[in-house]
1. Can you spot a residue in segment 57-67 that is open to solvent by 10 Å² or more (accessible area, probe 1.4 Å) and more than 30 Å from P435 (Cβ to Cβ)?
2. Could you grab me the full set of residues in segment 285-300 that are under 15 Å from S59 (Cβ atoms) and in contact (Cβ under 8 Å) with a residue 60 or more places away in the chain?
3. What's the total number of residues in segment 457-484 that are surrounded by fewer than 15 Cβ atoms within 10 Å (Cβ to Cβ) and polar (S, T, N, Q)?
4. Could you list, in sequence order, all residues of segment 304-329 that are among the charged types (D, E, K, R) and either touching a residue at least 60 places away in the same chain (Cβ under 8 Å) or surrounded by 15 or more Cβ atoms within 10 Å (Cβ to Cβ) (or both)?
5. When segment 227-260 is examined, which residues are found to be buried (at least 22 other Cβ atoms within 10 Å of the Cβ), modelled with pLDDT of 95 or more and in a strand (DSSP E or B)?
6. Pairs only if they're at least six apart or on different chains, beta carbon under 7 angstrom, first in segment 334-347 and more than 18 Å from F448 (Cα to Cα) and surrounded by fewer than 24 Cβ atoms within 10 Å (Cβ to Cβ), second modelled with pLDDT of 95 or more and not hydrophobic (A, V, I, L, M, F, W, C); list them, first residue then second.
7. Determine whether F396 is farther than 20 Å from E193 by Cβ, surrounded by fewer than 23 Cβ atoms within 10 Å (Cβ to Cβ) and modelled with pLDDT under 95.
8. Does segment 283-299 contain at least one residue that is touching a helix residue (DSSP H, G or I) at 6+ places or on another chain (Cβ under 7 Å), open to solvent by less than 70 Å² (accessible area, probe 1.4 Å), part of a loop (DSSP other than H, G, I, E, B) and at pLDDT below 95?
Amino acid sequence: MTFSRKEQLTNLEKESIYDLLVIGGGVVGSATLAMASSEGLNSILLEKNDFASGASSRSTKLLHGGIRYLPQLQFRLVRESLQEQKILDNLLGKLYKPLQLLAPIYRNDGFADMPKIFQNNFFAPKAFKLGLVLYDWLGTRKKDKKHKNISVNETTKLLPLLKRKNLKKSFIFGDAQTDDSKLVMTLLRNAVEEYKATAINYIEIIDISKNENIYEVEYSDKISLKTYKLQVKKIIAATGVHDLPGTYQKKSSKMKYSGGAHLVLKGDPLKLQNNAVLLPKTEDDRIMFAIPWLGNTIIGTTDTKTFSGTLDRPFADENDRDYLVRHVKKYFEIDELTYISSWSGIRALLDSSSNSTKSISRGHFVNLIETGFVQIAGGKLTGFRLISQEALQRVFNKEFDLKKLKFVDDIVNLSDIYNEDQFDFTVKHYCVAKPTDYLLRRTHISWFSKNGALKSLKRITNKYYSNAQYEESYQELLDEGLIS
């Protein structure tokens, strides 16, 4: 069985009842499907838009240990993330990439996430040093993996455009990054082609009802516009920022949202030379990152209570972009900064009395809707395996774990230049249903191209799709801010 939408729909028609329904095709839902199906459970995942079209393609691409959470005393979250890095390094192959991160310490800046008392010129370097010692200890890092102190001159050699004025010293420590949307696609392909699961995009669940121990699920195919029903024994809803469907909406987890905008810079205009940089303090007391990514540079993220667009399709507005550019110029000697694209993601945070999204825990939460039905949300990208594992063990009395991923090289090696053979391959093995699935989430063609790769969109639709599909895809690129 291949991971094509056509074959997945055919497979759906053959099944009378499933052991597990996973709602939501982000990284947590996809890992849940992969783990469940690898243990022999007859499992299906339904996603109302495209896989990874939510937060799981709109992150900062970091599998980080969460050093920013140490000042918030979230030691368990940091230790969990650092230990998880070691596990993911063994499981993800080339989708796990070690990253050297440099943290400069400036006079009168400190480090935004530290308590105020530690941000003065005397305490800031010592406090950050102590935090890194704790970071290494929580991660049980060997000597060659531990942080290092470097001088101003050494910093300048690594980052020649980083401003020297008021720079006191820097620290270097290890973290990691991934390609978030490609990680999702690899998890799904493993579930489907290795473990015989079913996963279908553009399927919207309309309602769920329960009859004794069986759930009846009514759903709509958003492409054919037809409505169907299926039966399942258990449900795990990895719905991110979205409420549960139909009559279960009122039982949904109470969440707050945090918007996170990013810019993509062409090439390496900041001369990062494959080093990531932690920008220590923004005007609203947050931190930011400048990160090399696939030959280009990512700047982000913001952390705001408001966001532009919709929950399904947020975007970075002019204020977001200006904010990011302004803070790059604060720390780098660069007069003009041009970007080729931008995106915004929305984090689901556990609702609390705090008015600040910065202070709300980034830990995940599992909401037991009823016996056999849980909703999961929140958490960091680094913890996706643990979150999925916990959810599964809440509804099944057995052990689950993620197996080493196959097919990694297939998706990592996809070119960011359109060609027909590659497109056909993604239709067959990565469930491409629309041109933008390929341009935005199986590859980075639209993110890395002028005007959203509109020429490639035209070539694809001329060969494979209708004028109506072209207009729909054009609108999606427009909504993302990729077409000027």
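The values are calculated or read from the model by the stated rules, or taken from the named source; none is laboratory data. Nothing here was measured: the structure is a model prediction, and the numbers come from that model. Positions of Cβ are generated from backbone atoms using ideal geometry, with glycine treated the same way; all protein chains shown enter the neighbour counts. Ligands, DNA and RNA are stripped out before the accessible areas are found, and what is left, the full protein with its side chains, is counted by its heavy atoms. Shrake-Rupley method; radii C 1.70, N 1.55, O 1.52, S 1.80 Å.
1. Among the residues of segment 57-67, at least one is open to solvent by 10 Å² or more (accessible area, probe 1.4 Å) and more than 30 Å from P435 (Cβ to Cβ), which makes the answer yes.
2. F289, I291, W293, L294, I298, G300, listed by residue number.
3. The total comes to 5.
4. Once the filter is applied, which keeps residues that are among the charged types (D, E, K, R) and either touching a residue at least 60 places away in the same chain (Cβ under 8 Å) or surrounded by 15 or more Cβ atoms within 10 Å (Cβ to Cβ) (or both), segment 304-329 yields D312, R313, D317, D320, R321.
5. Residues satisfying the conditions are V232, K234, I235, I236, A237.
6. I334/P269
7. For F396, the condition - farther than 20 Å from E193 by Cβ, surrounded by fewer than 23 Cβ atoms within 10 Å (Cβ to Cβ) and modelled with pLDDT under 95 - is not met.
8. Yes, because at least one residue in segment 283-299 is touching a helix residue (DSSP H, G or I) at 6+ places or on another chain (Cβ under 7 Å), open to solvent by less than 70 Å² (accessible area, probe 1.4 Å), part of a loop (DSSP other than H, G, I, E, B) and at pLDDT below 95.
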